[in-house]
1. Residues in region 67-77: is at least one without any contact (Cβ under 8 Å) to a residue 24 or more places away in the chain, of a type outside the set (Asp, Glu) and not in a helix (DSSP H, G or I)?
2. Quick one: count up the residues across region 37-55 that are surrounded by 14 or more Cβ atoms within 10 Å (Cβ to Cβ) and assigned to a helix (DSSP H, G or I).
3. Take the residues in region 95-111 that are within 22 Å of THR25 (Cβ to Cβ) and of a type in the set (A, V, I, L, M), then tell me which one is surrounded by the most Cβ atoms within 10 Å (Cβ to Cβ).
4. Just checking, does region 21-36 include any residue being modelled with pLDDT of 95 or more and in contact with an Asp or Glu (Cβ under 7 Å, 6 or more places away or on another chain)?
5. Can you find a residue that is more than 12 Å from the chain's Cα centre (by Cα), part of a loop (DSSP other than H, G, I, E, B), closer than 25 Å to GLY45 by Cβ and at pLDDT below 50 anywhere in region 158-175?
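The values are calculated or read from the model by the stated rules, or taken from the named source; none is laboratory data. Keep in mind it's a predicted model, so treat the numbers as computed, not measured. Using ideal geometry, Cβ is built from the backbone for each residue, glycine included, and neighbour counts are taken over all protein chains shown.
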Amino acid sequence: MAKVLVIHGPNLNLLGQRQPDIYGTTTLAEIDRRLAALARAEGAGVDTYQSNHEGAIIDRLHAAQGRYDAIVLNAGALTHYSYSLRDAIAAIPVPVIEVHLSNIHAREAFRISVIAPVVRGQIGGFGADSYLLGLRAALAIAARASHADPGRSDGAAPMTDELARRAPSGGASRRQRARQRRP
């Protein structure tokens, strides 16, 4: 059975009351219930965790090794500036899916993702459904990893030539590379 960790970052404990015009009216408790129901329906396990503290989130990422097949992460505002969070994601073999309730690329210019180059993928702009889509992606990754190498205990898929070509370089983001190419 695949097991996924969902981490909610700073201020997400205030969902449902914090800027509902941007983040919607669904509470974090409701999102967690929906995630648990989807995991049950898919025959998987899911644990959820929320913290307003960067170090606690990093500790949880480190502890995920060997315990989870994938991680769904909404890092909140840490997405935009936390290089320590970026380094923690890069340091672990567990694949991470970045999710956001809003479309961060359609918002203020400072809302770039410094973690995007080290996560498996990014889903945003679908409100609470972003989490469900993230869980589905995490479960698909876990299923591919278990079929590709059933003996692996860390849940990570082996790096194929195709994955290596598509893997993030750890350098500039897509937006930054586009700016660098402009004349």
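1. Within region 67-77, the first condition is being without any contact (Cβ under 8 Å) to a residue 24 or more places away in the chain, and the residues that meet it are none.
Checking region 67-77: not a single residue is without any contact (Cβ under 8 Å) to a residue 24 or more places away in the chain, of a type outside the set (Asp, Glu) and not in a helix (DSSP H, G or I).
2. Count: 3.
3. Top of the filtered list is VAL99.
4. There is no residue in region 21-36 that is modelled with pLDDT of 95 or more and in contact with an Asp or Glu (Cβ under 7 Å, 6 or more places away or on another chain).
5. The answer is yes, given that some residue of region 158-175 is more than 12 Å from the chain's Cα centre (by Cα), part of a loop (DSSP other than H, G, I, E, B), closer than 25 Å to GLY45 by Cβ and at pLDDT below 50.
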